[in-house]
Number of protein chains: 2
Amino acid sequence: MDCEILTVGTELVLGFTVNTNAAEMGRMLTEAGLHVTGMTTVGDHPGGIKGHLGAALGRAGTVIVSGGLGPTSDDITRPAAAELFGRKLVRDPQLVEQLRAMFKSRGVQNMPESNLVQADVPEGATILPNLRGTAPGLWIEDGGRLVVLIPGVPKEMRALMSDEVVPRLKRRAGENGWTVVRSRTLRTTGIGESALADKLGDTSGVLGASVTLAYLPTVAGTDLRLTAWNVPEQEADALLEKAALALRPRLGERVYGEGETDLAAVVLKLLEDKGASLATAESCTGGLVGARLTAIPGSSRVYKGGVVAYDDEVKLQQLGVSADAIAEHGAVSEAVVRQMAEGVARSLDASAAIAITGVAGPTGGSDAKPVGTVWIGVLWQDQVRAFTHILPGDREDVRGRAAQYALDYLRRRIQGSSR
Amino acid sequence: MDCEILTVGTELVLGFTVNTNAAEMGRMLTEAGLHVTGMTTVGDHPGGIKGHLGAALGRAGTVIVSGGLGPTSDDITRPAAAELFGRKLVRDPQLVEQLRAMFKSRGVQNMPESNLVQADVPEGATILPNLRGTAPGLWIEDGGRLVVLIPGVPKEMRALMSDEVVPRLKRRAGENGWTVVRSRTLRTTGIGESALADKLGDTSGVLGASVTLAYLPTVAGTDLRLTAWNVPEQEADALLEKAALALRPRLGERVYGEGETDLAAVVLKLLEDKGASLATAESCTGGLVGARLTAIPGSSRVYKGGVVAYDDEVKLQQLGVSADAIAEHGAVSEAVVRQMAEGVARSLDASAAIAITGVAGPTGGSDAKPVGTVWIGVLWQDQVRAFTHILPGDREDVRGRAAQYALDYLRRRIQGSSR
């Protein structure tokens, strides 16, 4: 089934916002077996929205529209769609009640009246409940034509797509002859793209004719994406499973997870299984590792906390780093990172610890320790091991890579790697 | 001058690749004074490209196309454009020579013949040299219609846009009546979109006919983007200045900065001007505030570090929170957040402190303290003030908002707000 995606927002056409929604919707629709034939983006102008929506509908018959459903005056998708189908906007009393209740639950007694436009619905449209925000999704069908409106807030878009839009589209299309494009991703870190390719060797024999492999390098590592193209839905997962099973032995301990798995969650799970507890001592990353760990629900069962030792005085006072070590080797050194890891484990009474100190840049580098130099200390089973890297990229890259490397060193130590 | 952007690539419509090219081209064209009225993305299908290109050309008269110019069989933008203008593709002998020379310089003696399609040019087109890759840009003009083709490789796209496409577009338009679209953004936090709209009231009178206002809500707050549309280049900045000056008094202390300004940088600058130093004590945010502060180069002049007191034991041992306070009021309470702020300022010897404790969810909530409940303590001039909120959203939202609110409370205290 053909469909197009229309994303609405002046900030998108001005280029101030990168259109991640369009990509995410494209992926979800493709995985569900729809054939996305085009994507259009248009600013917040009633004429533009109506014109582009009408054109897309003429081409594909089905258009999923994201954005322009909020309460302010620049939100005009709803009337444009209603006009296109020749329908009136009617205020839905149940939605009005839900809006008032939602504001009340947030402690706002008098909801601003401007929010009520979000209860306006084209006559005959189906309301798709939005549990995360105030603007509901709307499903407007007429003859063979279908327009679905969903909010542009990414979390709301995502939830409405997976809970409402995709299941309804599949039901509408029926199950006959349904082929899908589906992907599966193996995540690696701490190894470059070409080193990975060398490890994998020739893969053409094991992937099969419908499955391709792509390398996707990011600051967090290199993801390996396996894609099964235009295969019957019931075969897709088996094809991908076969390909993943063929590649995994070649990658060994380099694969830390699949899909959206966060390395921090992997580390927490491994520690929990061992009954261990974790503390962090961060200098150049300033709390990044702690923030990533605590982003995972349930992290409190393992993670006790940490010290952000940005200033050297904090390294001395809170972590018991010796002034001599800093004077002799500098704050970015093996001696200091070892003392940081030992110090934080001792004072927070944790059985595992991660410590990071480095030169994140843009200034502060020297010939001996250029920008990007980091020392990582990992305490596990009463023993600290220290690692150093010169990480590429800007300040943000260096900090992001340092946090990821530190978590990965701990993961591999727990899993019994020789390092 | 109106234009549209067409990006070509199956990876884009499938959603595997986020379309950063479209955003970047939009920004470059807008800043140069073009009016981007729409963006379209289409897969590598000849029919689709021709249809979408023709439609865009009909709407806007000028279309900048990126992608689908390489040597492989899925690169079909060139013939689609030629066909649309009713022109033949002619192999350009000079381009053939350049291609052979480029491959030779890369150590490839026998260039694959498939590369020669990149020397095919629609009759009468202007060749835009591509110094970074093998596919040149092409400028095809006919009467009032203009199509520009550039490669999809981001580095090549960027160079061709700034070196060739943008200067030629400006020359083509001439200096007469050259108008630009220019933006300016006011950043707010701690106030909802509809409450902001109520504060601003009717803005039509003060913005003027050419300036629009857009609300861009994120977890970090709501940005207000003022955009001057189609105004003479020399008047644009004055119009935006006038609009910003008219809105700022209505928003008062709610505006913390403009453009890309990060609230963490604002807070650091205010503290540095006062000769103050800062420490953080984070429970539910787990290091987020520290990570944001240390993301700013030069933060070490103000930020000393902090304690991630995720476990209650760490609150007691490292921050001197009293066991009685936790037993009596719970870890998420005014009493505890006050002691956390005082404790971290004392032990890190800082003159300002931020403390955060809360229920980030998804579990851990109760009737008295539902998920989203946070207490924020701000120490400034030897006095702690404490604030509580029930923040909406999921775990990530609650943590992000809590960090932003905490920074904003400190900002407003330094700036002398009554709170």
- Message: Which numbered condition in (1) within 14 Å of another protein chain (Cβ to nearest Cβ); (2) under 23 Å from A:Ala291 (Cβ atoms) is the only one that A:Val336 fails?
- Response: (1)
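Suppose the filter is touching a residue at least 40 places away in the same chain (Cβ under 8 Å), crowded, with 23+ Cβ neighbours inside 10 Å and not assigned by TED's automatic domain parsing to the domain that holds B:Glu253; does B:Ala403 pass it? Don't jump to the end; show me each part of the working.
On the way: touching a residue at least 40 places away in the same chain (Cβ under 8 Å): yes; crowded, with 23+ Cβ neighbours inside 10 Å: yes; not assigned by TED's automatic domain parsing to the domain that holds B:Glu253: yes.
Yes, satisfied.
In region B:290-301, what residues are buried (at least 24 other Cβ atoms within 10 Å of the Cβ) and under 19 Å from A:Gln318 (Cα atoms)?
Within region B:290-301, the subset buried (at least 24 other Cβ atoms within 10 Å of the Cβ) is B:290-294.
Matches in region B:290-301: B:Gly290, B:Ala291, B:Thr294.
Looking at B:Ser162, is it at pLDDT 95 or above, under 22 Å from the mean Cα position of the chain (by Cα) and within 22 Å of B:Met25 (Cβ to Cβ)?
Judged against the criteria, B:Ser162 is a match.
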- Message: Of the residues B:Leu247, B:Leu240, B:Leu278, only one is of a type outside the set (Phe, Trp, Tyr) and either closer than 22 Å to B:Ala406 by Cβ or surrounded by fewer than 14 Cβ atoms within 10 Å (Cβ to Cβ) (or both); which?
- Response: B:Leu278
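Identify all residues within region B:133-148 that are more than 14 Å from B:Ala81 (Cβ to Cβ) and surrounded by 14 or more Cβ atoms within 10 Å (Cβ to Cβ); write none if there are none.
Within region B:133-148, B:Gly133, B:Thr134 meet the criteria.
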- Log entry, pairs with first residue in region B:359-370 being at positive phi, second being of a type in the set (A, V, I, L, M) and loosely packed, with under 11 Cβ neighbours inside 10 Å, beta carbons closer than 9 Å, six or more apart or on different chains, reads none
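Taking the residues in region A:296-326 that are without any contact (Cβ under 8 Å) to a residue 12 or more places away in the chain and facing another protein chain (nearest Cβ under 8 Å) as candidates, determine which candidate is nearest to the chain's Cα centre (by Cα). Working first, answer last.
The first filter runs over region A:296-326 and keeps only residues without any contact (Cβ under 8 Å) to a residue 12 or more places away in the chain, leaving A:297, A:300, A:311, A:313-314, A:316-317, A:323-324.
Filter once more, so that each one left must be facing another protein chain (nearest Cβ under 8 Å): A:297, A:300, A:311, A:313-314, A:317.
On the way: A:Pro297: 15, A:Ser300: 22, A:Asp311: 32, A:Glu313: 36, A:Val314: 33, A:Gln317: 37 Å.
Among them, the one singled out is A:Pro297.
Has region A:113-121 got any residue that is within 19 Å of A:Thr62 (Cβ to Cβ) and away from chain B (no Cβ under 14 Å)? Step through it out loud before you land on a result.
Taking region A:113-121 first, the residues within 19 Å of A:Thr62 (Cβ to Cβ) are none.
No, that holds for no residue.
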- Query: Looking at region B:315-329, is at least one residue buried (at least 17 other Cβ atoms within 10 Å of the Cβ), modelled with pLDDT of 95 or more and charged (D, E, K, R)?
  - Reply: yes
- Item | Count of region B:122-152 residues which are within 17 Å of B:Leu99 (Cα to Cα) and part of a loop (DSSP other than H, G, I, E, B) | 9
- Among B:Thr357, B:Thr388, which is the only one that is under 20 Å from B:Leu288 (Cα atoms), within 14 Å of chain A (Cβ to nearest Cβ) and surrounded by fewer than 20 Cβ atoms within 10 Å (Cβ to Cβ)? B:Thr388
- Expected output for region B:180-198 (first residue more than 11 Å from chain A (Cβ to nearest Cβ) and within 26 Å of A:Gly107 (Cβ to Cβ), partner of a type in the set (S, T, N, Q) and not in a strand (DSSP E or B), Cβ below 8 Å, 6+ apart or cross-chain) is B:Arg187/B:Thr261; B:Thr189/B:Gln404; B:Gly190/B:Gln404
- Message: Quick check on my filter: what residues within region A:97-120 are more than 22 Å from B:Gly393 (Cβ to Cβ) and either among the basic types (Lys, Arg) or touching a strand residue (DSSP E or B) at 6+ places or on another chain (Cβ under 6 Å) (or both)?
- Response: A:Asp120
- Task: Give B:Arg172, B:Arg187, B:Arg182 a once-over and let me know the one that is surrounded by fewer than 19 Cβ atoms within 10 Å (Cβ to Cβ), over 22 Å from B:Leu12 (Cβ atoms) and of a type outside the set (Phe, Trp, Tyr).
- Result: B:Arg172
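Mind listing just one residue for me: the one in region B:281-295 that is in contact (Cβ under 8 Å) with a residue 60 or more places away in the chain and not in a helix (DSSP H, G or I) and, of those, nearest to the other protein chains (Cβ to nearest Cβ)?
Filtering region B:281-295 for residues that are in contact (Cβ under 8 Å) with a residue 60 or more places away in the chain and not in a helix (DSSP H, G or I), the one nearest to the other protein chains (Cβ to nearest Cβ) comes out as B:Gly286.
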- Task: For region B:231-241, name all the residues that are modelled with pLDDT under 95 and of a type outside the set (A, V, I, L, M).
- Result: B:Pro232, B:Glu233, B:Gln234, B:Glu235, B:Asp237
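Just checking: which of the helices (runs of 4 or more DSSP H) contained wholly in region A:1-110 hold 3 or more residues that are surrounded by fewer than 23 Cβ atoms within 10 Å (Cβ to Cβ) and at the interface with chain B (Cβ under 7 Å from one of its Cβ atoms)? Lay out the reasoning, then the answer.
On the way: elements: A:10-13, A:20-31, A:46-60, A:77-84, A:93-105.
Qualifying helices (runs of 4 or more DSSP H): A:20-31.
The values are calculated or read from the model by the stated rules, or taken from the named source; none is laboratory data. Bear in mind that the values here come from a model prediction, so they are computed numbers and not experimental data. For neighbour counting, all protein chains shown are included, and Cβ atoms are generated from backbone atoms with ideal geometry for every residue, glycine included.
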